[in-house]
Structure formats: C-alpha cells, structure tokens
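Have a look at the structure below before the remarks.
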Amino acid sequence: MTGTNWRFVCGIALAVGMVANASWANGFRNPPETGEALSRDGGKLTSIKGAAATAVNPANLLGAKEPEVVASLTLVHAKTDFDSALGSATTDDPWKALPNAFFAFPVEADQFALGVGLTTPFGQSTEWKKDGVLRYSAPYFAELKLVNVNPTIAYRVHDRVAVGAGVDVFSSTLEMKQFMPWSQVVGNPAAPDGEMKFDGDGSGVGWNVGVQVKLTDRQQVGLVYRSGVKVDYDGDFSVGNVPAPAMAAPKSDFSSEIEFPAIAALGYGIQVNDRLHLGADVEWIEFSRFDALPIDIGVNNALLPTAAIPQNWDDTWTYGVSAAYALNESWVARAGYKFMESPIPDSTLAPTLPDADRHLLSAGLGYQSGRHHLDLAYAYSIFDDRTVSSNLDPALNGTYELASHLFVVTYGIQL
C-alpha cells in the first residue's frame with residue numbers, strides 16, 4: 001500500500017468520527033451503509049461482498065480478492081410536520097450526513113480474510129423550530145451520534161460454506177436541549193425561559209456472526225446475528241436563567257443509558273441467469289430492549305417529572321426483495337423494496353424521534369472499471385399515516401406527517 005493510499009485511509013477514518021449524526025427513524029437505526037446496500041436493501045444479505053460485507057454479512061468478506069478500501073457518504077433529507085388541537089410544529093435543518101468506511105485484507109484468496117468497518121449503524125438528529133406548539137413539551141433538539149468500529153474475520157470451512165465473526169465497539173454521544181418555562185415553575189410571568197442542556201458520552205461492546213451457504217451453483221442462503229449493545233452515558237447538565245426562588249443549580253452531572261437492539265437476519269439469493277440476480281431478506285430487531293431512558297441530573301433531579309422516561313418499544317420485523325441486472329461488463333442496475341415496522345407505540349411516541357411504518361423503494365447504479373468501482377443510490381420512504389391519541393403526554397397527541405429521501409455515493413478501490 002502506497003503512502004498516498006494510507007493517507008486516503010486515515011482521511012476516511014477521521015471523517016467518520018467527525019460527522020456521524022443523522023437519522024431516518026426506523027427506531028434510531030440508520031440506513032444501509034453503501035450505495036449497493038441501499039439500492040438492494042430488501043435483499044442484500046447474500047449479494048454484498050468484499051470490504052462492505054462487514055456491515056451486512058461478515059462471511060461475505062471473502063468476496064474481497066485484493067486489499068480493498070471503500071468510502072461511502074449517505075445524505076438524508078428528513079422532515080416531520082406535527083398538527084394537533086393545540087397548534088402545529090415543523091422540524092428544522094432537514095439535511096444530515098452519514099459517512100462510512102471499510103477495509104478488507106485477504107490473507108489467503110477465497111479462504112481467509114480480515115477486515116474492519118467504521119460505520120454509523122444507529123443515530124438520530126431531530127431539531128424542531130423553536131416557536132412551535134412543542135416548545136415546552138419536548139426537547140427542541142435531540143442528537144444521538146454513534147460510531148461502530150467493527151474488526152472482522154472470515155473463513156471458508158467448506159467449498160460451499162463460509163463463516164464470519166466480528167466485534168462491535170460502539171462510541172456514542174447523546175445531546176438534548178429543551179426550554180424551561182421558569183415563569184410557570186416560580187409563578188412569575190416576568191421570568192425568562194431557561195434552556196436545559198443534557199450532554200454525555202459513552203461506549204459499549206457487542207459481537208456479530210454470519211454464515212453464507214451455497215445451496216447450488218446459483219443459489220445462496222445467508223444468516224446473520226448481531227448482539228445487543230448497552231451504552232452508559234456520563235456527562236454534564238446545565239440550565240440557564242435560573243430565577244432566585246427556584247431550587248436549581250446552573251450545572252450538575254448527567255447520566256443515562258441506551259440498550260441498542262440485537263438483530264437476526266435471514267437472506268436468500270439466486271443467480272437467475274448471467275445478468276440477473278434476485279434476493280429476499282427478513283430481519284427480526286429486538287427493539288424491546290429499549291424499555292426506558294433513565295435520566296439522572298444529580299442535584300437537579302427535582303426538575304424532572306420522573307427518573308426514567310418510558311419507551312416500551314416493540315420487537316419488529318422487516319421484509320424485502322431486490323434485483324440486480326448487469327447491463328454490460330461495467331454497469332449494473334439495482335432496485336429494491338422493503339417494509340419496515342415502527343417499534344414505537346402510540347403511548348410513547350415522542351417528537352425527538354417521530355416514526356411510523358414505512359415502505360422503502362430504492363434504486364441505483366453500479367460502475368466497475370479495473371480496480372475502481374462507484375455506486376450511486378436513491379431511496380424514498382412511503383410512510384403510513386400516524387395519528388396519536390393515547391400518548392402518556394396528552395400534549396404529544398396529534399398527527400405526525402413524515403417524509404424522507406436518501407442519497408448515497410460509494411467509491412471503492414483495490415490497492
């Protein structure tokens with residue numbers, strides 16, 4: 001690997017660490033990491049090979065025939081409108097960015113390979129306009145950033161069976177901002193609003209395993225399991241404009257925790273002919289691990305209505321299909337469909353993470369030239385209507401209208 005290539009690798013790693021902060025809902029799960037994976041999101045488990053397989057099926061890391069570097073950037077445009085009997089609100093700053101990077105190092109061709117992924121599998125960033133009806137009901141800004149460093153190993157145990165395994169090392173930050181109506185707290189109409197800020201960081205470790213089985217020369221089955229990961233957050237809490245009668249400190253400690261879900265997936269792929277490949281996937285996501293969000297702000301706990309915010313999320317399923325058609329030796333066209341259930345019940349749906357069941361339609365193009373490949377993809381979500389009337393906080397009852405667009409560009413090079 002040349003010095004220029006090493007600088008390219010280091011630059012990708014730095015970018016992932018600096019800009020990992022977007023969301024398109026589906027709980028707080030982020031979209032697929034590459035253009036090929038997004039365009040084939042309904043049936044990618046058996047088709048994504050090489051370096052990027054660390055994020056899909058680690059057994060397919062053996063698809064890298066030479067050392068490989070892959071860099072990918074996802075742009076998310078997500079917008080939510082809220083309407084209720086009390087008024088309306090709209091999210092701000094709809095554009096978010098998600099960088100991802102992958103490295104593959106074949107040790108023995110088609111037999112043994114090492115790799116690592118720097119990805120953003122979870123995250124969320126929601127900002128509401130400050131003058132909306134939700135001003136005092138929920139944080140106007142909530143951001144969860146998470147980077148996963150995923151070293152991976154793959155080995156062929158049989159001519160038709162490959163296995164892979166990896167470690168998921170999560171590094172995450174959590175930030176929330178909300179207005180405090182001091183005039184209501186102290187009974188003084190002249191008291192200005194304060195701003196509460198929750199800011200913490202933490203880490204956690206999990207693992208993943210994958211299997212790829214070649215049933216026939218044209219048919220494959222893939223199976224993947226990723227463990228749940230618990231991240232404990234520690235940091236600072238601050239609140240401004242504290243009036244004299246209020247029993248509150250301007251600053252205190254902050255702590256919380258999030259249980260990220262385990263995921264099990266099964267995929268089937270068939271090479272129909274020399275040009276056409278079809279795939280189908282089903283996933284189970286253990287979102288029920290996220291049953292509450294504990295909040296501890298030390299000496300300021302009296303400001304909170306409860307020590308833990310109920311979540312009571314449900315386990316969910318996703319189902320999908322995809323196709324790839326080789327137009328010629330250089331170009332391939334791809335398309336996919338995926339249905340995703342929302343894990344969030346009406347009772348705990350919050351403006352910090354609005355969500356609904358969705359149908360994802362995706363399409364993309366791939367180009368290969370020598371050691372280089374380029375993938376482009378676009379996806380559009382058709383959300384089911386979401387009208388909430390039984391929320392634990394009546395102020396959050398209303399109609400949530402969601403829209404999202406995804407754009408991905410991925411570049412890879414064999415070194």
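Just so it is clear, none of the values below were taken in a lab; they were calculated from the coordinates. The structure displayed is predicted, hence computed values, not measured ones. In this analysis, Cβ positions are derived from the backbone assuming ideal geometry, glycine residues included, and neighbour counts consider all displayed protein chains.
For the range 197-312, the alpha carbon positions stretch 76, 24, 22 Å along the principal axes, listed from largest to smallest. If the segment from Asp384 to Trp284 were pulled out straight at 0.36 nm per residue, it would be longer than the present Cα-Cα gap by 34.0 nm. Taking 25 Å as the limit for the C-alpha separation, the pairs Lys197/Lys230; Lys49/Lys79; Lys79/Lys338; Lys96/Lys129; Lys96/Lys251; Lys96/Lys130 exceed it in the case of Lys49/Lys79; Lys96/Lys251.
Dividing the summed -39500 (n - 2.57) terms of all DSSP H runs of n ≥ 4 by the residue count of the chain sets its mean residue ellipticity at 222 nm at -1500 deg cm²/dmol.
For the chain, the longest principal axis of the C-alpha atoms and the axis of helix 3-18 are separated by about 30°.
At 1.567 mPa s and 4 °C, plugging the Kirkwood radius over alpha-carbon pairs of the range 177-243 into Stokes-Einstein gives what diffusion coefficient in µm²/s?
77 µm²/s
Computed over the Cα atoms of the range 90-192, what is the ratio Rg over Rh, Rh following Kirkwood?
On the way: Rg = 23.2 Å, Rh = 17.7 Å.
Here Rg/Rh amounts to 1.31.
Both numbers refer to the Cα atoms of the range 31-117; Rg and Dmax are 18.3, 65 Å.
In what sequence do Leu144, Leu276 fall when counting other Cβ within 10 Å, fewest first? Don't skip to the answer; put the middle values down first.
On the way: Leu144 24, Leu276 12.
Ascending number of Cβ neighbours within 10 Å: Leu276, Leu144.
The HN-Hα couplings worked out from phi for the range 169-177 by the Karplus form 6.51 cos²θ - 1.76 cosθ + 1.60 (θ = phi - 60°) are 10, 8, 10, 9, 10, 9, 9, 9, 9 Hz, whole numbers, x standing for Gly and Pro. Of the three principal axes defined by the Cα atoms of the chain, the extents in descending order read 75, 43, 33 Å. Bridgeable aspartates and glutamates around Lys65 (alpha carbons under 13 Å apart, same-chain partners fewer than 8 residues away excluded): Glu108, Asp110.
One decimal place: the segment Ser171-Glu195 gains 6.0 nm when fully extended, by the rule 0.36 nm per residue minus the C-alpha distance.
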